[in-house]
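Down below is the structure, laid out as structure tokens.
No lab work stands behind these numbers, since they all come straight from the coordinates. Everything quoted here is computed from the prediction, not taken from an experiment. Cβ placement follows ideal geometry from the backbone for every residue including glycine, while neighbour counts extend to all protein chains displayed.
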Protein chains: 2
Amino acid sequence: MTLPLGYLYSAAYAGIRQAAKDDLALIVTGLPAHAAAVFTQNRVQAAPVKLCRRFLKASHGMVGAILVNAGNANCATRTGEKAAMAVCKAASLLLRYPIAQILPASTGVIGVELDPKRIIAALPGLVEALRPDRFEDAARAIMTTDLVPKTAFAEVKLRRGVVRIAGMTKGSGMIHPRMATTLGFAVTDAHIPASHLRVMLKRAVERSYNRISVDGDTSTNDTLVLLANGASGVRPDPRELPQVEEAIARVLESLARAIARDGEGARKLITILVSGAPNNDSAARMARAIANSPLVKTAVAGSDANWGRILSAAGNAGVAFQPARTAIHMQDVLVCRDGVAAPFSEAGLKQKLDAPECEIRLAIRGRGKGEARFWTCDFTEEYIRINASYRT
Amino acid sequence: MTLPLGYLYSAAYAGIRQAAKDDLALIVTGLPAHAAAVFTQNRVQAAPVKLCRRFLKASHGMVGAILVNAGNANCATRTGEKAAMAVCKAASLLLRYPIAQILPASTGVIGVELDPKRIIAALPGLVEALRPDRFEDAARAIMTTDLVPKTAFAEVKLRRGVVRIAGMTKGSGMIHPRMATTLGFAVTDAHIPASHLRVMLKRAVERSYNRISVDGDTSTNDTLVLLANGASGVRPDPRELPQVEEAIARVLESLARAIARDGEGARKLITILVSGAPNNDSAARMARAIANSPLVKTAVAGSDANWGRILSAAGNAGVAFQPARTAIHMQDVLVCRDGVAAPFSEAGLKQKLDAPECEIRLAIRGRGKGEARFWTCDFTEEYIRINASYRT
């Protein structure tokens, strides 16, 4: 698959993180792009998040570049906004875009001052290294505790030609639904006005980034940006927009799923499907409650078909439903029918639960048509190990 | 301290749990007692919880005995209500109390049928063994993954004499605020009408059981019962009721704290104090968000002064506050002032965080007078180990 036209990427090591691996990523569009973005709903917001909001307002949603650093969240810092501003200003001069068209993003430890000089010193090399095919390098540079880089791609054939979509993202702790989780950047060469783009992103996020959870914590830095630079020369017909939106949503879904799969310490991706709830929103709440239950997640880690915890977690979602009309499947095996145990082979299911992907289906019989899909990961001792000494 | 007058206790092994340790506890009052109770708010409710509600209604809040089994939650079971009913009926005959005055409670695994015959067979011996001083034995019999029995006692000297309060409780997973968490039974020999008792319990729960969290999961069986049999012959003067309520609340607080301290896999009790919030309710929401953050709890497990996670967790509570007016203390050491890092000795604080009790204080400067206290525990690899194979 071809990458979207008109974008350049690069990565470099600026010395922000201690390990000597790239900690700086740059995404530049040749033509200014229409942008849509969603940010964390945490009351504590990092300096780059505040700056992004301000810049997008000032630029009327036009973006020339995204500059990301890993290793320092630039949050709860005295000089945070000044540092982010200095970095954007330096990038603005080098890239010849107005400063308000440079979006900053940061990820890493909270509460440590970010030294802008290191990034500014690395910038000329970073700009020099810009290439259309360094997408993967950039995706690697934004990683923190991630084990693998996370990218996804799509192409849509429209009447007037092909448009392309590419996305990168990072996890893998402090992952929670309710928002664009962690950092994600998607680019397309379709021509889409900013107003359309915002609506498309909002809907696509609802079924992707808002449907994953690793540990129930929402970060202070969550940022998801979607750029559309029109470099393909293809302006989708209004009737074709749903097709483009579907492709964008699939890319975001794939990225979100990759985050859950690579959750800190995770060995398994868990997909949760709820059906028969009063409506889609209550289905999502039940799925989220199951996904956030440490007891469900540890049971899956131990390949233990503890469906009682699934039922109990669903009961904590604040949604009225009848347990006696509820069935639960794990890995396609019926474990609970009408709210009580169904006969199944413990040994057989235990083996099936050892797989790297586990599916939990909770279905309520009745007139409800609400459905939701949610992704999370199992909860292992490794999560504790990673997080007991992240900072020191 | 003397136990409340007029109560008998006993414990026995009925073979409900596999390990051959007592799994049956009986609390009997010589005179029928006024009772108040709170139950889980989970939509999935165990058979004994449903029965308790029904019985308390039918008996107008009068209780003769509480019969508890550990090892099986009697939840999501086909024959659950029938089994609980059969057990209560047998106890009713032996104890000569109407069936609606026997409250059943269960804790243990969900979704496995409870065999009432085992309990019924053990009942005569259990009744035979009733003694006024077997409080501790009963407290031991209701344990599941608890490492220690949990009891608390108080005495209040009133104008007309002394009244006594005793409480027992169990944890130590599926512990969450918002309700009477897990099982708790408190008895007093004061004479208190049921209507007063209910109000007192509700307020006392708000500052005790509703202020602890181990893993954020609310059980299907949570039950807290308070009995007042009047056996002391002391009817508190209306002006003395606050004193009695305070003593009851202190007993419940002590029990709740003991649950948090003995949370599954926990090595440390964490006390969270929030002040300066818009009101007490929002302070409690912020404290709860901090207490429920796996990232905060793992950091404390690693004695890592990661205050950024504390600030971020507070930001997820949905309460509007200014991070720039926020200070955080850990073990009395100022780690964050005005929302940014305060200078402190890493090594010194790390050592202080190795203590079995850790205190986190988050204070917002300004006009807000909202305060809350909350208890939780650290989050260790042992929690995962316990829960990855609880059932099998």
_7 Å along Cα→Cβ for the label point: how many nanometres lie between B:A58 and each equivalent label in the other copies, listed shortest first?_
7.2
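Below 8 Å, C-alpha to C-alpha, sequence gap of six or more: please give me the relative contact order for region B:302-342 in percent. Working shown, then result.
Values: 36 pairs, mean separation 13.2, N = 41.
Computed over region B:302-342, the figure is 32 percent.
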*Shortest first and in nm to one decimal, what separations exist between B:K82 and its copies in the other chains, measuring from label points 7 Å along the Cα-to-beta-carbon line?*
7.6
*Could you tell me what percent of the DSSP beta bridges with both partners in the protein assembly as shown are antiparallel, to the nearest 5?*
70
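Helix-only estimate, please: 222 nm mean residue ellipticity of chain B, summing -39500 (n - 2.57) across DSSP H runs of length 4 or more and dividing by its residues, to the nearest 500.
Values: 11 runs with 126 residues, N = 392.
After summing the helix terms and dividing by residue count, I get -10000 deg cm²/dmol.
Within chain A, which complete DSSP H helices have Cα atoms spanning at least 24 Å along the helix axis and a mean Kyte-Doolittle hydropathy of -0.5 or higher? Could you put the intermediate results ahead of the total?
Details: long enough: A:241-261 (30 Å, 0.38).
Long hydrophobic helices here: A:241-261.
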*Placing a label point 7 Å from Cα toward Cβ, how far apart in nm is A:E113 from its equivalents in the other copies, listed shortest first to one decimal?*
7.0
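Need one number: % antiparallel among DSSP beta bridges in region A:269-388, to the nearest 5.
Numbers: 18 of 25 bridges.
In region A:269-388, DSSP labels about 70 percent of beta bridges as antiparallel.
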*Run down the lysines and flag those whose C-alpha is under 16 Å from the C-alpha of B:K170, throwing out any fewer than 8 positions away in its chain.*
B:K21, B:K150
_For chain A, built as a Gaussian network whose Cα springs stay under 10 Å, the top-fluctuating residue of A:D133, A:D262, A:D22_ = A:D133
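Give the shape of the protein assembly as shown as rounded, prolate or oblate, defined through the alpha-carbon gyration tensor: a ≥ b ≥ c are the square roots of its eigenvalues, a/c under 1.5 means rounded, and otherwise the shape is prolate if a/b is larger than b/c and oblate if not. Don't jump to the answer; show the numbers that get you there.
Values: a/c = 2.61, a/b = 1.81, b/c = 1.44.
Prolate, since a/c reaches 1.5 and a/b exceeds b/c.
Take every Cα pair under 8 Å in chain A that's 6+ residues apart, average their separations, divide by the length, and report that relative contact order as a whole percent. Working shown, then result.
Working: 1012 pairs, mean separation 66.9, N = 392.
Relative contact order here is 17 percent.
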_Alpha-carbon centroids, region B:366-386 and region A:46-67: separation in whole Å_ = 35
*In a Gaussian network model over chain B where Cα atoms closer than 10 Å are linked, find which of B:K150, B:K369, B:K89 has the largest mean-square fluctuation.*
B:K369
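Suppose R0 equals 35 Å; then what is the FRET efficiency for B:A58 and B:Q18 from their Cβ-Cβ distance, rounded to the nearest 0.05?
Values: r = 35 Å, r/R0 = 1.00.
Working from the Cβ atoms, E equals 0.50.
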*Mind checking Rg over Rh on chain B, alpha carbons, Kirkwood formula for Rh?*
1.00
_Rounded, prolate or oblate for region A:269-388? Axes are the square roots of the Cα gyration tensor eigenvalues, ordered a ≥ b ≥ c, and the cut-off for rounded is a/c under 1.5._
oblate
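Applying 1/(1 + (r/R0)^6) with R0 = 22 Å to the Cβ-Cβ distance of B:K50 and A:R337, what FRET efficiency is obtained, to the nearest 0.05? Let's see the in-between values first.
On the way: r = 20 Å, r/R0 = 0.91.
Approximately 0.65, to the nearest 0.05.
Please give the FRET efficiency for B:R235 paired with B:K89, using the beta carbon to beta carbon distance and R0 = 45 Å, rounded to the nearest 0.05.
Values: r = 33 Å, r/R0 = 0.74.
For R0 = 45 Å, the calculated efficiency reads 0.85.
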*Could you check what % of the DSSP bridge pairs in chain B are antiparallel, to the nearest 5?*
70
*Which Cβ of chain A lies nearest the axis of the rotation superposing A onto B, and at what whole-Å distance?*
A:E381, 2
*Take the Cα coordinates of region B:329-392, assign each an equal point scatterer, and use the Debye formula without solvent to give log10 I(q)/I(0) at q = 0.20, 0.23, 0.24 Å⁻¹.*
-0.94, -1.07, -1.10
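Relative contact order for region A:269-388: what percent, with Cα pairs under 8 Å and sequence separation of 6 or more? Walk me through the numbers on the way to the answer.
On the way: 239 pairs, mean separation 55.5, N = 120.
Over region A:269-388, the number comes to 46 percent.
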